[in-house]
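Peer 1: Structure incoming, see below.
Computed from the coordinates by the stated procedures, all read-outs in this text should not be read as laboratory data. All values reported here derive from a predicted model rather than from experimental measurement. Glycine also receives a Cβ, built like all others from the backbone with ideal geometry; neighbour counts cover every protein chain displayed.
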Amino acid sequence: MSVPFGQARRGLGRIALCVVIGLAPALGPSRVLAQATGGPAPLSAADAGTWLGRLQQAAANSSYQGTLMFSAGGVVSSSRVTHICDGRQRYERIEVLDGRARLQYRHNEQMLTVWPASKLARVEQRDPVAEFPALPASANPRALENYELSLLAKDRIAGHDVDVLWLKPRDKHRFAQRLWSDRATGLLLRNDVIGLGGEVLESSAFTDVQIGGRPSPEAVLGPMKRLEGYRVQRPQAERAQFEAEGWVLARQVPGFGLVSCTKRPLDSATDADAPVQVLQSVFSDGITHVSVFIEPFDAQRHKQALGTSLGATHSLMNRHGDWWFTVVGEVPMATVQLFDGLFERRH
């Protein structure tokens, strides 16, 4: 698939996350509370904003190390994560523990991904899509326009006492989410995305985590400097404006606003003399993201329209005249369909 799906979504694109083991016991108090009261009472806007702000700040400003597991649609993956906050400097190391070996290093906005077996390295700017345990930069107050936040229960995750929060969407354009926040620091330790029928579509969680401490930034900076023997790719993503690229928005999808627009070479064409460019526009409702990719139609690569789903992530690939659209996001398929053809070519 030519479009860089690895940069399109919060969970799978990150060297991913979570666990569904033990879901039933953990959800018991929440389920009982909801059944007994007809649903938890939403927090006030001020209190909800405080909770979301605490989650955001903890993900950005805490140092932590742990094992993450991700489960969606029968796919389970795990990774080992070290996140370091040293004043204004942030460092991160992520090691995939399943399948093909892959490591990712980040210093502020610069990101390096290496595949040791093939001696391939890719240097690029950090993608705008927020990844567990972070929330989007637009989480407060945009999220509160699209979701209600409630306090469900108290629980325990990976040896830490947590508060369980419930994000209820105000319409059917987005999914509900359940959040487990470390009581001491606010760090998000688990996140479930809930389907329209109440089922768990995907889950992201720490199976073990140490919060605090002073891990050395050299564990990140050292490998980022030592790339001898690697074939280094440096795909040049650049900021863009879709109007300047000849596009206009035909309509708005309720609750979603544009947060970034970039132009980059296709993954399959990075080394070409004249690589094909793809335009990526990222929209957010304050909690989740949807990415719209636009590239020139190519009959050799783009065979037929296709819709897919994995856990909470739905995608749709479709031809619109001379252009090929790919929409992907952690939203219902009906919402993805609204985004399909969102752009019209300026005549």
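Peer 1: Taking the stretch 170-241, how much of its Cα-Cα pair set, in percent, is spaced more than 21 angstrom apart?
Peer 2: 62
Peer 1: As an exercise, identify the GluC sites (Glu not before Pro) in the stretch 162-221 lying in DSSP coil whose Cβ has no more than 10 other Cβ atoms within 10 Å.
Peer 2: Filter output for the stretch 162-221: GLU199.
Peer 1: A follow-up question, please. What share of all Cα pairs of the stretch 235-345, in percent, falls into each consecutive 10 Å distance bin?
Peer 2: Bin by bin from 0 Å, the calculated values are 14, 47, 35, 5, 0.
Peer 1: Same structure, new question: What does DSSP give for the chain in terms of the percent of beta bridges that are antiparallel, rounded to the nearest 5?
Peer 2: Roughly 95 percent of the DSSP beta bridges within the chain come out antiparallel.
Peer 1: For ASP86 and GLU245, FRET efficiency with R0 = 41 Å and r from the beta-carbon atoms, rounded to 0.05?
Peer 2: 0.60
Peer 1: Still on this structure: Per-residue counts of other Cβ atoms within 10 Å, averaged by peptide: what ranking do you get for 76-88, 178-190, 231-243, highest first?
Peer 2: Most protected by this proxy first, the peptides run 178-190, 76-88, 231-243.
Peer 1: Hey, another quick one. I need the GluC sites (Glu not before Pro) found in the stretch 78-120, filtered to DSSP loop residues with at most 16 other beta carbons within 10 Å of theirs.
Peer 2: Passing sites in the stretch 78-120 are GLU109.
Peer 1: Using all C-alpha to C-alpha distances in the chain, build P(r) with 10 Å bins and read off the rounded percent in each one.
Peer 2: Bin by bin from 0 Å, the calculated values are 5, 24, 34, 25, 10, 1, 0.
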